[in-house]
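Chemist: Before we start, here is the structure in question, set down as structure tokens.
Read-outs throughout are calculated quantities, based only on the coordinates presented, and are distinct from any laboratory measurement. No experiment lies behind these values; they were computed from the predicted model shown. Every residue, glycine among them, receives a Cβ derived from its backbone with ideal geometry; neighbour counts consider all protein chains shown.
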Amino acid sequence: MTDFWLYFNLGLHHVLDWNAYDHILFLIVLCASYNFSSWKKILILVTLFTLGHTLSLLLASYNIVSVSSKVVEFLIPITILVTAIFNIFSSGKGKKTERRGIYYMVTIFFGLIHGMGFASFFTALDSGNGMLSLLEFALGIEAAQLIVVIIFLIIAFIFQTIFRFNKRDWVLVVSSLVIGMTIPMLIENWIF
């Protein structure tokens with residue numbers, strides 16, 4: 001049971017670590033255009049991101065895939081930027097229902113990239129329980145991501161109801177702020 005809490009807490013801290021806020025930024029832009037009434041869509045997106053993240057850890061743990069950490073550290077801010085830019089260009093343009101399948105696939109793919117960023121550390125820490133440790137870690141990630149999303153949705157609700165931000169302006173402001181926070185990460189990890 002202590003192994004469960006070890007890996008669960010590791011998953012929690014992986015997402016909630018302020019020194020590695022890239023995960024939080026991605027979750028914010030992923031959910032920026034949603035509100036509490038869209039909780040099913042948000043849950044699907046967050047879970048798909050966790051599945052992609054877990055799949056990359058699984059592939060790395062069994063030495064099926066190995067990607068240079070420099071490349072992964074460069075691609076992580078790219079995923080955040082792409083999502084934020086997508087929000088800016090699609091904000092106020094109607095429903096995303098016709099693009100939902102693509103959005104889900106991209107979320108899984110971005111989860112794969114983010115998971116590769118943690119693969120070497122997780123592989124070194126694994127105590128030999130393999131899939132069980134990975135599942136425990138994934139549950140911690142999922143719980144932490146839901147915590148981040150709920151806090152973000154509460155903040156969005158406050159801004160959109162009390163401060164009267166319309167949804168389009170909220171998405172534009174949040175996405176722009178995230179872009180501003182992501183550009184230094186991109187410059188720091190530039191590989192070209």
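Chemist: For the pairs 40/70; 40/167; 70/167, flag any whose C-alpha to C-alpha distance is greater than 29 Å.
Modeler: 40/70; 70/167
Chemist: How big is the Rg/Rh ratio for the chain, C-alpha atoms only, Rh by Kirkwood, two decimals?
Modeler: Working: Rg = 16.7 Å, Rh = 17.1 Å.
Taking Rg over the Kirkwood Rh, I get 0.98.
Chemist: What full-extension length gain, to one decimal in nm, is calculated for residue 168 and residue 123 as 0.36 nm per residue of separation minus the Cα-Cα distance?
Modeler: Numbers: separation 45, 0.36 × 45 = 16.20 nm, distance 4.17 nm.
12.0 nm is the gain from fully extending residue 168 to residue 123.
Chemist: Further question on the same structure: If R0 is 35 Å, what FRET efficiency do you get for residue 160 and residue 5 from their C-beta distance, rounded to 0.05? List each step's numbers first, then the result.
Modeler: Details: r = 37 Å, r/R0 = 1.06.
My answer for the efficiency is 0.40.
Chemist: Ok, one more. Once both axes come from the Cα atoms, what is the angle between helix 131-161 and the longest principal axis of the chain, in degrees from 0 to 90, rounded to 10?
Modeler: Approximately 20 degrees, to the nearest 10.
Chemist: Right, something else. Output the 0 to 90 degree angle, nearest 10, between the alpha-carbon long axis of helix 22-31 and the longest principal axis computed from the alpha carbons of the chain.
Modeler: 40 degrees
Chemist: Note the angle between two axes, namely the Cα long axis of helix 69-90 and the longest principal axis of the Cα atoms of the chain, as a number of degrees from 0 to 90, rounded to the nearest 10.
Modeler: Roughly 20 degrees between the two axes.
Chemist: Something else now. When you count, for each residue, the other Cβ atoms within 10 Å and take the mean per peptide, how do 103-114, 17-28 rank with the highest first? Don't skip to the answer; put the middle values down first.
Modeler: Numbers: 103-114: 19.5, 17-28: 17.9.
Sorting 103-114, 17-28 by mean packing, highest first, produces 103-114, 17-28.
Chemist: If you rank 93, 167 by fewest surrounding Cβ atoms within 10 Å, what's the result? All intermediate terms of the calculation are to be shown ahead of the outcome.
Modeler: Numbers: 93 8, 167 15.
Ranked by crowding around the Cβ, least crowded first: 93, 167.
Chemist: Please order 170, 190 by the number of other Cβ within 10 Å, starting at the fewest. Mind dumping the intermediate values first?
Modeler: Working: 170 19, 190 11.
Fewest-to-most Cβ neighbours within 10 Å comes out as 190, 170.
Chemist: Taking the highest mean first, how do the peptides 148-158, 4-14 order by number of other beta carbon atoms within 10 angstrom per residue? Intermediate values should be presented prior to the final figure.
Modeler: Values: 148-158: 15.8, 4-14: 18.4.
In decreasing order of mean packing, 148-158, 4-14 become 4-14, 148-158.
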